[in-house]
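One structure is given here, and the rest of the page talks about it.
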Amino acid sequence: MKRKLYIGGIKLLKILDVNMNYLKNPVGIVKMPQFGWILESDKKNVVQKTYQLEIAEDDIFSNSVYDSGIVKSDESAHIQVTDMRLESIRKYYVRVKVSDNYEEESGWSETAYFVTALLQNEWEGEFISAEAEEDRNLSKGTYVRKEFTLNNKIQSAYLCATALGLYNVYLNGKKVGRDELTPGWTSYNKHLLYQTYDVTSYLKEGGNAIGAMLGAGWYKGKMGFEPRRNIYGDWTAFLGQLLITYEDGTSQTVITDSSWKGADAPVVFAEIYDGEIYDANLEIPGWNEAGHGDANWRSVETILCDKKILTPQSGCTVKMVEEFPAKAIFQTPEGDTVIDFGQNMAGWIHFKAKGETGDRVELNCFEILDAKGNVYLDNLRTAKQTIQYTFKDSSPTEYHPHFTFQGFRYAKIAAFPGTPKLENFTAYAVHSDMQRTGFFECSNPEVNQLQHNILWGLNSNFVDIPTDCPQRDERLGWTGDAQIFSRTASYLMNTYTFFSKWLVDVEADQTEDGGVAHVVPDILTGEMDDNWLLTQGTHSAAAWADAAVIVPWVLYQTYGDKVVLEKQFDSMKKWIEFMRKNSKDYIWNYKLQFGDWVALDAEEGSYFGATPNDLTCTAYFAYVTGLFAKICNVLGKAEESKIYAELYENIVQKYQAEFFDQQGNLTAQTQTAHIMTLYFGLTPEKYKSKITHSLLELLKKENNHLVTGFVGTPYFCHALSQNGCTKEAYDLLLKDDFPSWLYQVKMGATTIWEHWDGIKPDGAMWSADMNSFNHYAYGAIGEWLYRVAVGLEIDEEKPGYKNIIIQPHISDNLSYVKGEYTSVYGLIQSKWESEGNNVTLTVSIPVNATASINLSQAKEIQVDSGLTFKYVNGELCAHTGSGTYTIKYTL
Ligand code: BGC
């Protein structure tokens, strides 16, 4: 973040950042975005008093199209503009000015902008394909191209583009934009994204050329663990519309139609799981440049596709985000040559090499070495993850794949001309490009590595959709994994656009009666007749399907954004009603359940943890119904809120009657049953300490180790710290022998594993059948690190960090913990340091936000930084506005 200090009495109230839909300068907007801005001041307790928002069609605001006038408001996020009409393919400039409670006025903000897409889906062209009948079941790359002349001085040009399959588009030989794997993965039959690019600088007066390269991708390549291909269609095809506006006000449009020409591309094969084969001998030099001539190219076919499904994407596209130079090249005991990039990731390898005609590079990407230090490919199952490149001549070459990605830290060099050197290889992490919002650090380096692994679990599995893993023949949008990790993810990154996009498909893929698919986009329903597990059901599993309510709730909590709740309202309600209809006397269970997936209390070799499904299902039924009642309330739907609050009460009563015995013990003696019952608020007040005690006993039985799976793990530390056992929660976090979070760290993990026993202490691996070393689900401990260890908590009543709850939890075993989070109001920071019983806490609260500082462990305040601490419910608490405060207290 840019921070400028204005000395000399100029402007002390300043607007740092204007955003739209929580993004900077979005391109591809079809509805008026929500506006927000971040403020900075040299004073404390600063609140915005008024704002003025102006929108214009030029950057000097001489052609203003909207002026809010001076609006009295303390809201600097979620600003809606209703009385202005947008036009298609237009750039709108935005600026904001504010005043505060010190009567200080800011200057105008730096000018921000947004660009609209095709508001009425006014597509003029057709999808065009260069594939022939014999290509139906192939996954090869093709080119389409067109030349055109521009006879006037260009003022601006925008390109809208998408594909059935994946595309890279070029203008005059240059790749347009930095996006990869476009148009991303959606439930293609129901909605397909298109991208919008400002391409003014790519064009020139005179002859120009546009070309696109197409690949099979998720659309028609092999997908799913019972591999199917052509899931969405048989032909890759490109749709583009280029709108050029001339300085004299006239315009010209170039569209995809049957006048375009097609050819095979040098990408001989590319699929998501298997990798890419590229033969440079098949390159067509200059194919995407003007004057190339395409007399010997073939005609393209137009492909029918309902353009109503087209939706613009305005951000959070996949990019090559980070680069990792090769760290080591070594020989394995079995004699393979292997590159180590030092970090497990989703992405691809870029290489620079020089060979002779016909020489090859072949790289087999993989995650982990086996116990003997040899290449381990078994856990990839059928995914080949192989890159093959054939040289056409001896000129130096650089290459990375186009229409695939690999989950890897290592690559076996199966072929290479000459001796491979470190400088030949760079790995690129390829994933959805989101703004980093959260940082965490503490005095324990292993916990810091855990935090790093959580971040890389996120980076590797946010590849346009939230996936379970990035390496094996799966990489699907498992709803449970996404739900479990959504809150942690939303500390680390600005996830608003990413999750909002995915939620559209959660709804689109719901069954008519409201069931929620196990994976979104749903490629399992109707396809799993021969899968041993999924024949039992492809939708509506507890903790998985509940993503439909929990993810919107997390976004509302994190951004204070009601729009997402409004958009998802029908979907959420349908899901709750589905459970209600399929429950018997408030006990809910349904067909295939994953339960406490991969818990260690499962029977040997089984994936299903010991917690009974009736209990897990009903606990989640209660939890999300409770959330939904709150959501109805937030949206002002009082009647519905009452109905669902009642339903919630009935489920809770039934849960308590069914799953507690007469003495107040849970009938299911598993850690997870206790965790859910505590965290979801299902424990009668009088039994709270008993259930907490039982959980501690169950921990003791396992020598103080967790044996929980996907359902219990995320809330384990919360269940303890919310019930007076913060010390035990820290003890659990800091365990480093098997099974524990830090055990993986000790074993050298750079991402989070799918199984606690992915690699067992004796070096043996869990069955290759399902053993990912890059699964973010257990990384959900991340939210506890932020919410409890640092103590940056959301106030449900004033979400979006409008009021921040600062509630640090001090541990004897750590000397400091610090964290920061860039909220919609700006940067929040909190750090505690302790020495013996003395704690120093430093917090920074952004302008226009407030904080409640709750020091549950404090005995005496020694330095209050001007704040007034009072006892509330036995805790020393203070309330404050913006500014930086250092507080010293004793424990
Ligand atoms: C995935 C999980 C997923 C699960 C369903 C697995 O194959 O990798 O992460 O949630 O299936 O139980």
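A few points about this structure:
- Residue 791 being crowded, with 21+ Cβ neighbours inside 10 Å and not hydrophobic (A, V, I, L, M, F, W, C): yes
- Every pair of residues 6+ apart whose Cβ atoms lie under 9 Å, when the first sits in segment 174-202 and is basic (Lys, Arg) while the second is open to solvent by less than 20 Å² (accessible area, probe 1.4 Å): 174/288; 175/168; 175/169; 175/288; 178/317; 190/505; 190/509; 190/521
Each row is one residue, and each column tells you yes or no for (1) touching a Leu at 6+ places or on another chain (Cβ under 7 Å); (2) within 16 Å of the ligand (Cβ to nearest atom).
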| position | (1), (2) |
| --- | --- |
| 766 | no, yes |
| 771 | no, yes |
| 774 | no, yes |
| 788 | no, no |
| 820 | yes, no |
| 824 | no, no |
| 836 | no, no |
| 840 | no, no |
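- Considering each residue of segment 552-562 in turn, none proves to be part of a loop (DSSP other than H, G, I, E, B), at pLDDT 95 or above and within 12 Å of the ligand (Cβ to nearest atom).
- Within segment 145-164, the only residue that satisfies the criterion of being assigned to a loop (DSSP other than H, G, I, E, B) and open to solvent by less than 50 Å² (accessible area, probe 1.4 Å) is 152.
- Within segment 862-891, being among the hydrophobic types (A, V, I, L, M, F, W, C) and open to solvent by less than 40 Å² (accessible area, probe 1.4 Å) holds for 867, 869, 876, 877, 878, 887.
- Scanning segment 580-613 for residues that are on the phi > 0 side of the Ramachandran plot and either outside any loop (DSSP other than H, G, I, E, B) or open to solvent by 60 Å² or more (accessible area, probe 1.4 Å) (or both) yields a count of 3.
- Output for segment 79-96, where each listed residue is assigned to a strand (DSSP E or B), under 18 Å from residue 58 (Cβ atoms) and in contact (Cβ under 8 Å) with a residue 40 or more places away in the chain: 91, 94, 95, 96
- Hits in segment 132-144 (condition: open to solvent by less than 40 Å² (accessible area, probe 1.4 Å) and part of a loop (DSSP other than H, G, I, E, B)): 132, 139, 140, 141
- So residue 570, is it part of a loop (DSSP other than H, G, I, E, B), in contact (Cβ under 8 Å) with a residue 40 or more places away in the chain and away from the ligand (no atom under 16 Å from the Cβ): no
- Those strands (runs of 3 or more DSSP E) lying entirely in segment 200-269 with at least 1 residues among the aromatic types (Phe, Trp, Tyr) and at negative phi: 237-246
- Segments classed as helices (runs of 4 or more DSSP H), wholly inside segment 635-709, with at least 1 members that are of a type in the set (Val, Ile, Thr), closer than 23 Å to residue 724 by Cα and under 30 Å from the mean Cα position of the chain (by Cα): 671-679
- Any hit, segment 377-393, residues being under 22 Å from residue 771 (Cα atoms), among the aromatic types (Phe, Trp, Tyr), in a strand (DSSP E or B) and open to solvent by less than 30 Å² (accessible area, probe 1.4 Å): no
- If you check 620, 607, 590 for being within 16 Å of the ligand (Cβ to nearest atom), closer than 17 Å to residue 554 by Cα and touching a residue at least 40 places away in the same chain (Cβ under 8 Å), only one passes: 620.
- Segment 106-131 residues that are open to solvent by 10 Å² or more (accessible area, probe 1.4 Å), paired with ones that are among the charged types (D, E, K, R) and assigned to a loop (DSSP other than H, G, I, E, B) (beta carbon under 6 Å, 6 or more apart): 107/11; 111/59; 126/257
- All positions within segment 176-192 that are on the phi < 0 side of the Ramachandran plot and in a loop (DSSP other than H, G, I, E, B): 176, 178, 183, 185, 186, 187, 188, 189, 190, 191
- Note on segment 23-66: no enclosed strands (runs of 3 or more DSSP E) hold 3 or more residues that are modelled with pLDDT under 95.
Quick grid of which residues meet (1) among the acidic types (Asp, Glu); (2) at pLDDT 95 or above; (3) in contact with a helix residue (DSSP H, G or I) (Cβ under 8 Å, 6 or more places away or on another chain); (4) buried (at least 23 other Cβ atoms within 10 Å of the Cβ):
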| residue | (1), (2), (3), (4) |
| --- | --- |
| 615 | no, yes, yes, yes |
| 625 | no, yes, yes, yes |
| 632 | no, yes, yes, no |
| 636 | no, yes, no, no |
| 656 | no, yes, no, no |
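- The residue pairs whose first member lies in segment 390-414 and is more than 17 Å from residue 463 (Cα to Cα), whose second member is part of a loop (DSSP other than H, G, I, E, B) and among the hydrophobic types (A, V, I, L, M, F, W, C), and whose beta carbons are closer than 8 Å, counting only pairs six or more residues apart or on different chains, are 397/391.
- A count restricted to segment 549-589 and to residues that are touching a helix residue (DSSP H, G or I) at 6+ places or on another chain (Cβ under 8 Å), among the small types (Gly, Ala, Ser) and closer than 17 Å to residue 635 by Cα stands at 1.
- Any hit, segment 816-824, residues being among the small types (Gly, Ala, Ser) and buried (at least 18 other Cβ atoms within 10 Å of the Cβ): yes
- Candidates in segment 503-520 are the residues that are open to solvent by less than 10 Å² (accessible area, probe 1.4 Å) and either away from the ligand (no atom under 15 Å from the Cβ) or without any contact (Cβ under 8 Å) to a residue 12 or more places away in the chain (or both); of these, the one that is nearest to residue 577 (Cα to Cα) is 514.
- In the set (1) at positive phi; (2) away from the ligand (no atom under 15 Å from the Cβ), the condition left unmet by residue 537 is number (2).
The values are calculated or read from the model by the stated rules, or taken from the named source; none is laboratory data. Quick caveat: nothing in here was measured; it's all calculated off a predicted structure. Positions of Cβ are backbone-derived with ideal geometry, glycine not excepted, and every protein chain shown enters the neighbour counts. Accessible surface areas use protein heavy atoms only, side chains included; no ligands, DNA or RNA. Shrake-Rupley method; radii C 1.70, N 1.55, O 1.52, S 1.80 Å.
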